[in-house]
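Reading through the structure tokens given below for one structure.
Please treat every number below as a calculation from the coordinates, not as lab data. In this text, all values refer to a predicted model and were calculated from it rather than measured experimentally. Every residue, glycine as well, gets a Cβ built from its backbone with ideal geometry; the counts of neighbours run over all protein chains shown.
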Amino acid sequence: LSSSSAASDVYKRQASCCARGPVVLRANALRGSRDELIAALAREGVSALPTALSPHGVRLPNGRPTGVTGGGLRNLRAWQRGLCEAQDEGSQAVALATRVAPGMRLLDLCAGNGGKTLALAAEMGGRGLIVAHDVDGTRLAQIGPRAARAGVPAGLVRIAHGLSLIHI
């Protein structure tokens, strides 16, 4: 390789790192299957394809939905009904790698706003206990409303911030 072609390759790789990543959703198994999510999105005029690695993943090849009134994921009926969450395929793979089962008790120590917590709740079929902990109480506060929208049974997820344990 010439030095100019190597430099060109470096610039192409740098540019790809600055580009927006694909829009990926996770079908919420508590509300339906990936195929049901793809069909619901199609009814809303949103093109969706299965992801390669996650059995729950759906990629939006056209990016963020713009044909929806107001644009954005939160204006999709599928999102409002709890059929899906925005979650990259890597995070979905992490949740799947845990191999959780219904009835287990888990600690999500860096829960953030609860994306993987909700994925784990769905994998558990809504049965068991997840204690979600994070140092950022503002992010943790998002888990309750998200869990309710996703149909996570009350009491399955408990929020722990500092030394406090909060039931949702």
What dipole magnitude, in Debye to the nearest 20, does segment 84-143 give about its Cα centre under +1 on Lys/Arg Cβ and -1 on Asp/Glu Cβ? 280
Using alpha-carbon pairs under 8 Å, 6+ residues apart, how would you state the relative contact order of the chain in percent? 19
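In the chain, what percentage of the DSSP-assigned beta bridges are antiparallel, given to the nearest 5?
On the way: 13 of 21 bridges.
Here the antiparallel bridges make up roughly 60 percent for the chain.
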Mind pulling the angle between the C-alpha long axis of helix 34-43 and the longest principal axis of the chain? Nearest 10 degrees, somewhere in 0 to 90. 70
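Assigning unit charges at the beta carbon (Lys, Arg +1; Asp, Glu -1) and nothing else, what dipole magnitude in debye, to the nearest 20, does the chain show about its Cα centre?
Working: 20 positive and 11 negative charges, 56 e Å.
The dipole magnitude comes to about 260 debye.
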Net +/- balance of residues flanking Cys110 in space, Cβ distance below 15 Å, scoring K and R +1, D and E -1: -1
